[in-house]
1. Of all residues being in contact with a helix residue (DSSP H, G or I) (Cβ under 8 Å, 6 or more places away or on another chain) and at pLDDT 90 or above in the range 142-174, which is farthest from residue 98 (Cα to Cα)? Just the residue, please.
2. Can you tell me how many residues within the range 109-126 are crowded, with 22+ Cβ neighbours inside 10 Å and not aliphatic (A, V, I, L, M)?
3. I'm trying to understand the selection: among the residues of the range 415-444, which are assigned to a loop (DSSP other than H, G, I, E, B) and without any contact (Cβ under 8 Å) to a residue 60 or more places away in the chain?
4. Quick one: is residue 30 more than 30 Å from residue 266 (Cβ to Cβ) and either in contact with a Gly (Cβ under 6 Å, 6 or more places away or on another chain) or surrounded by fewer than 20 Cβ atoms within 10 Å (Cβ to Cβ) (or both)?
5. Would a scan of the range 326-338 turn up a residue that is in a loop (DSSP other than H, G, I, E, B), loosely packed, with under 15 Cβ neighbours inside 10 Å and without any contact (Cβ under 8 Å) to a residue 12 or more places away in the chain?
6. Of all residues in the range 262-297, which are touching an Asp or Glu at 6+ places or on another chain (Cβ under 9 Å), over 10 Å from residue 49 (Cα atoms) and among the small types (Gly, Ala, Ser)?
7. Sort through 10, 67, 82, 55 and tell me the only one that's touching a Phe, Trp or Tyr at 6+ places or on another chain (Cβ under 6 Å) and outside the structural domain of residue 399 (by TED's automatic domain parsing).
8. Mind checking which residues of the range 364-382 are out of contact with any Phe, Trp or Tyr (no Cβ under 8 Å at 6 or more places or on another chain) and either over 21 Å from residue 13 (Cα atoms) or surrounded by fewer than 21 Cβ atoms within 10 Å (Cβ to Cβ) (or both)?
Amino acid sequence: MTTTRRDFAVRAAVEQGLIGPDQPVIGLLDVAGIRAAATALRAAFAEVTAPGTRVLHAFAAKAAALVPVLRLLADEGLGCEVASPGELALARAAGVPADRIVLDSPAKTPTELREALTLGVAVNADSFAELARLDGLRQRVRGDSPLGLRVNPQVGGGVIDALSTATATAKFGVPLRDPGAREATVRAFLDRPWLTRLHAHVGSQGCPLELMAAGVREAYELAEEVNRAAGRRQIDTLDIGGGLPVNFASDETTPTFAAYARALRAAAPGLFSGDYHLVTEFGRSLLAKSGTVLARVEYTKTAGGRPIAVTHAGAQLAVRTVFAPETWPLRISAYDPHGHPKAAGPDGPVVQDVAGPCCFAGDLVATARPLPPLAAGDLTALLDTGAYYFSNHYAYNSLPRPGVYGFTIEEDATVRFATVRSPQTIAEIVTESGGAHAEALSGL
């Protein structure tokens, strides 16, 4: 989201009453930015693939599990990658066709697998044990789901250990470099002529493109090995995952989808020859830059000589930023109560903390950050928060999920908003927290 578009949206959100004393925190999504990201993804792979190659870009629902977002991306030609019954239900509610949905998860239940097979949703098994489960289910469930196996090429991790999926001990997929695992993988395919896909997901925030491309190359080479052993093109689709990192330091979009596609072509040229259908599973990189969390400053105070702005955006939205600030720092912009960008003033920025509303000391989205001096009624904007900040709510202190609004800007600078998710009500919190069963324990 460019600074100009963000400024227009913030001012309009104030003027139209989306944020204020009664709704002190909201999410904003730039619809034009999302559309542009989807266009850039499609163009990047079209540039490197042979004409006629079938490519499905399946958005990773976990990055923004909001039905209108999934529908918008479906309108832009994307499918959906899901990892739970809830995400599958969201994709279906968004109208994503079953043949454009991919189910990944390391812990799929028989019920989940049965539903996917019945619907015709593509399934990537995560282990040999899951393949054995599919052996039995396929005998009892009619369907034409494309079925694959996820492998871990064990090429290494990025700078964030918790997100690295291709380390020696990562929990996902069949670890290809473990003794006997590669041979067992080839045999698993030869024993199952219906197993036609190979899946590898190496990327994540903090992973260099070279590492991601190396993991995809390993998957491509394994597919070629399986097909040679089978004497035919048994594997016809390579699912190369997603995980393109996002630049959180500025408004610049880097690395780009085009840069990654070219890195893949350099590492594994045969991937784009047309011999294989391709599936991608990008999430954060499609949405992050188009989102802003906007929060009202409720109070200001000073502790130990440092100013503190107490706002309504903290750990309940920015979970990773609060608990791992070195890894997930966010840029913050300041606005006055009318939604106008706030200047630093004659004395320049003031070093201050920006705190959230949660009742623990570490609920800080910024520590010792130089910002214009914040006052009660001002607004803080957490930038690049379009992915993982709106739909991964942490219900600390029973704080409500905020409303999320998409916006477009007309040529005359008029800002139009659409509700993506209504603000959660207090009554809904009580219901979620067992309000209908208030006497349940008293009678035991």
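1. 174
2. 2
3. 422, 424, 425, 433, 434, 438, 439, 440, 441, 442, 443, 444
4. no
5. Among the residues of the range 326-338, at least one is in a loop (DSSP other than H, G, I, E, B), loosely packed, with under 15 Cβ neighbours inside 10 Å and without any contact (Cβ under 8 Å) to a residue 12 or more places away in the chain, which makes the answer yes.
6. 263, 267, 268, 283, 288, 290, 291
7. The conditions single out 55.
8. Across the range 364-382, the qualifying residues are 364, 365, 366, 367, 368, 369, 370, 371, 372, 373, 375, 377.
The values are calculated or read from the model by the stated rules, or taken from the named source; none is laboratory data. Note that the structure is predicted; figures quoted are calculated from it, not measured. Methodologically, a virtual Cβ is constructed for each residue, glycine included, from the backbone with ideal geometry; neighbour enumeration extends over all protein chains shown.
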